[in-house]
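Structure first, commentary second.
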Amino acid sequence: MKADLILTQSWMNAIPLLQASSFTDLCWHLRMPFKIGQPKKQIVSKTVERDFEREYDKLQKLEDQTKKLHKDMKKSTEADIAMSKAAVKISGDLLSNPLCEQDQAFLESMTALDTAMKRMDSFNQEKVNQISKTVIDPLKKYSSVFPSLNMAVKRREQALQDYKRLQSKVEKYEEKEKTGPIMVKLHQAREELRPVREDFESKNKQLLDEMPKFYHSRIDYFQPSFEALIRAQVVYFTEMHNIFSELTDQIDQAGLTDEQRERENEAKLNELRALSIVADD
């Protein structure tokens, strides 16, 4: 089975995210006081702040959901492998049953069952390998992007705190009497503020531009994976239908319905119950 998967990852190099529910929590995670040198001038508008928090919240949920899906997919494939291995062991145990040495028909049935279980295990392993390559590995790679995104948010928050501190410093000198020394210090403070302000505005703009792009790109990234998952399941269950149809033809007693088989088994069980060694006292 071959499932082609083309995943574009060029857009995965930035977009920050930190696990916090608000900017107050964000600063707590960064071990920064939320109010450091708060200037009178509003640096970030409430609209921009709301936009940033909204996009951040979506990315945080996306990170949590991606990690959970990756974990669940691994558990699913591990359970699939355990199931098919257990089926092979059961058929092998039945094949080694002493009855197989005495009853040729039983031997043939158990041989057919053992062959079917081994074929099932082989196709199951192929399915699991395909899912690992086309679904689980891409999920893992996608999850690995978020730590770098978190660092970008930290840098943006650090730039914001520096901006506030220097803006507050400028305002302090602007409020003082305009003497020569004060004007010199005011000029120096403004010069110090300018590159810091530009740095924050650049980081802030980049995040506001790229966070929505990163979020919406998740569809393009994951759609090939989910299509590959569906194809792998379709191929596997098609093969299982063929295997068990062949097995039914090999071991089935022609002309018997399920009800007839049930009555036949019940009759044989009653014969066993009638034996003195199993009779109730």
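The values are calculated or read from the model by the stated rules, or taken from the named source; none is laboratory data. Given the structure is predicted, the values throughout are model-derived calculations rather than measurements. No Cβ is skipped: glycine too gets one built from the backbone with ideal geometry, and neighbour counts run over all protein chains shown.
The numbered conditions (1) in contact with an Asp or Glu (Cβ under 6 Å, 6 or more places away or on another chain); (2) not in a helix (DSSP H, G or I) are all true for V278 except (1). The residue list T248, T257, T179, T238 contains one member that is over 30 Å from D114 (Cβ atoms), exposed (fewer than 15 other Cβ atoms within 10 Å of the Cβ) and either assigned by TED's automatic domain parsing to the domain that holds M110 or of a type in the set (S, T, N, Q) (or both), which is T179. Is one or more of the residues making up the stretch 144-165 in contact (Cβ under 8 Å) with a residue 24 or more places away in the chain and either over 42 Å from the mean Cα position of the chain (by Cα) or closer than 22 Å to L229 by Cα (or both)? No, every residue in the stretch 144-165 fails to be in contact (Cβ under 8 Å) with a residue 24 or more places away in the chain and either over 42 Å from the mean Cα position of the chain (by Cα) or closer than 22 Å to L229 by Cα (or both). Only one of these is outside the structural domain of E239 (by TED's automatic domain parsing), part of a helix (DSSP H, G or I), touching a helix residue (DSSP H, G or I) at 6+ places or on another chain (Cβ under 8 Å) and farther than 30 Å from Y56 by Cα: A87, A116, A112, A189. Name it. Just a single option satisfies the conditions, and that option is A189.
Against the test of being farther than 30 Å from Q42 by Cα and touching a Pro at 6+ places or on another chain (Cβ under 6 Å), the options S276, S225, S245, S168 yield a single qualifying residue, S225. On the basis of being outside the structural domain of P39 (by TED's automatic domain parsing), buried (at least 19 other Cβ atoms within 10 Å of the Cβ), charged (D, E, K, R) and in a helix (DSSP H, G or I), does R194 make the cut? So R194 does not fit the description; no. Mind checking which residues of the stretch 77-127 are closer than 20 Å to A232 by Cβ, of a type in the set (D, E) and surrounded by 13 or more Cβ atoms within 10 Å (Cβ to Cβ)? Result: D80, D121, E126.
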